[in-house]
Amino acid sequence: MVKFEQIKGFVFDLDGVIADTSVYHGKAWHQLADELGVTWTEQLANDLKGVSRMDSLELILKAGGKENDYTLEEKEKYAAEKNTNYLNLLKDMDKSAILPGMADFIASLEEHDYKLSLASASKNSPLVLEQLGLAQYFKNRIDPATLKHGKPDPEIFARGAEVLGLKPEECIGLEDASAGVKSINGAGETSVGIGDPEILHEADINFTDTSQVTLDNIKKAMDKVEMS
Ligand code: BG6
Ligand code: MG
C-alpha cells in the first residue's frame, strides 16, 4: 500500500457514502421487484449497490429467472418507473440526509488542500448533491452517461483520478459497495470500504460506518498496514 503522505486526492462514491440515499434506491428497487414478482433478498439488495440503473434491472430480472421475459422498451419503462419512485422518496431530502461525519470530513479535506472528485454511477447525483448542499465541493464529477462500463469495472474510479490530474496511487477511493471497492482496486487506488467488512473484504481499509471516516483514522489505518 502507498504511504498516506503520497495521497493528494479523494474520489467519492455518493449513495451510501455521502448520503443515505442507497436506502432509497433499495426501497424503490424492492417496490419494482415486488411488482415483477421477483423475491427480494438481502443478497440481491447488496448486489445492486453501486450498479447502474439498467444493470440493476437486469440483475433483478435474472434473480427471478425473468431475464428473457421483456423487450428493451418494457425494460426502459420499468427502469423509468423505478426512477420516478426513487425521486419521490428524495423529494423532501435535505442536508440532514448526509451520513454521520461526512460533512465535516469533506470540509476537512478542503481545508487540507486535498482534491475531490465524484465517481457515482447515479444520473441523479447532481440533484442529490444540490439538495444536500454539497455541490460546491464536487466540481469534478464523472458523468455516468459517458462511461463504457459500470462498476465493478475500474473505468469510473480511473476517471475520478484523471479529472483531478492525479495518478491513481495518489488517490483514495471511498465506497460502500462491493462492486465499487473492486472498481477502486482495479484502478490502482487505495480503497476505503464503508460498511460490513465481510461484504467489503476486498477493501484496503475498512470502516463499519461513516462516523469513523476521518483523515486521522485513514492515516492510522494506512500506517498500520505499512508496518505489518
Ligand atoms: C449508484 C447506486 O450510486 O447509482 C445504485 O448505488 C444506483 O443503487 C446507481 O442504481 C444508478 O443510479 P440512478 O440514480 O442513475 O438510477
Ligand atoms: Mg454507493
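The values are calculated or read from the model by the stated rules, or taken from the named source; none is laboratory data. Please read these numbers as outputs of a predicted model, since none were measured by experiment. Positions of Cβ are backbone-derived with ideal geometry, glycine not excepted, and every protein chain shown enters the neighbour counts. In case anyone asks, the SASA skips ligands and DNA or RNA and just uses the protein heavy atoms, side chains included. Shrake-Rupley method; radii C 1.70, N 1.55, O 1.52, S 1.80 Å.
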For this session: May I ask you to evaluate 6.51 cos²θ - 1.76 cosθ + 1.60, the Karplus curve with θ = phi - 60°, for each residue of the stretch 9-25 and list the ³J(HN,Hα) values in order in whole Hz, giving x for glycine and proline?
Result: x, 10, 10, 9, 7, 9, 5, x, 10, 8, 9, 7, 5, 5, 5, 5, 4
Seminar exercise, completed: From the Cα centre of the stretch 134-149 to that of the stretch 75-125, the distance in Å is 11 Å
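Solvent-accessible area per residue for the chain at a 1.4 Å probe radius, Å²?
On the way: 11040 Å² over 228 residues.
With all protein chains present, the chain gives 48 Å² per residue.
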Seminar exercise, completed: Lys and Arg at +1, Asp and Glu at -1: neighbours of ALA158 with Cβ under 13 Å from its Cβ sum to -1
Problem set entry | Accessible heavy-atom area order of TYR86, TYR70, highest first, probe of 1.4 Å | TYR70, TYR86
Exercise. THR71 accessible area, nearest 10 Å², 1.4 Å probe?
Worked result: 70 Å²
Seminar exercise, completed: Any aspartates and glutamates whose Cα falls less than 14 Å from that of LYS148, other than same-chain ones fewer than 8 residues away, would be ASP55
Seminar exercise, completed: In order over the stretch 112-128: 3J(HN,Hα) from phi, Karplus 6.51/-1.76/1.60, θ = phi - 60°, whole Hz, x for each Gly or Pro, gives 8, 6, 7, 8, 10, 9, 10, 10, 9, 6, 7, 6, 8, 4, x, 5, 4
Exercise. Taking only the alpha carbons of the stretch 23-105, what extent do you get along each of the three principal axes, in Å, biggest first?
Worked result: 46, 24, 18
Exercise. Counting only protein heavy atoms and using a 1.4 Å probe, what share of the accessible area of the stretch 111-228 belongs to carbon plus sulfur, as a whole percent?
Worked result: 50 percent
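Is it possible to state the helix-based mean residue ellipticity at 222 nm for the chain, with each DSSP H run of 4+ residues giving -39500 (n - 2.57), the sum divided by total residues, to the nearest 500 deg cm²/dmol? What is it?
Working: 9 runs with 102 residues, N = 228.
So the helix-based figure for the chain works out to -13500 deg cm²/dmol.
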Problem set entry | Within the chain, percent of DSSP bridges classed antiparallel, to nearest 5 | 5 percent
Problem set entry | Where only C-alpha atoms are counted, convex hull volume of the stretch 63-146 per residue in Å³ | 135 Å³
Exercise. What net charge is computed for the residues neighbouring GLY195, neighbours being all others with C-beta under 10 Å from the C-beta of GLY195, Lys and Arg scored +1, Asp and Glu -1?
Worked result: -4
For this session: Roll a 1.4 Å probe over the protein heavy atoms and report the accessible area of HIS201 in Å², nearest 10.
Result: 130 Å²
Seminar exercise, completed: Restricting to aspartates and glutamates and to Cα separations under 13 Å from LYS62, and discarding same-chain partners fewer than 8 apart, the set is ASP47
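With r as the distance between the Cβ atoms of GLN43 and GLN212 and R0 = 25 Å, compute the FRET efficiency 1/(1 + (r/R0)^6) and round to 0.05. Before the final figure, lay out each step's value.
On the way: r = 25 Å, r/R0 = 1.02.
That pair, GLN212 with GLN43, gives E of 0.45.
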Exercise. Amide H of ALA19: which non-local residues (sequence gap of 5 or more, or other chain) have their own amide H closer than 5 Å, using H built in the peptide plane?
Worked result: LEU99
For this session: Given the peptides 109-120, 180-191, arrange them by the average over their residues of other C-beta atoms within 10 Å, most packed first.
Result: 180-191, 109-120
Seminar exercise, completed: Two pseudo-spin positions, 7 Å from Cα along C-beta at GLU169 and at LEU89, lie apart in nanometres by 4.1 nm
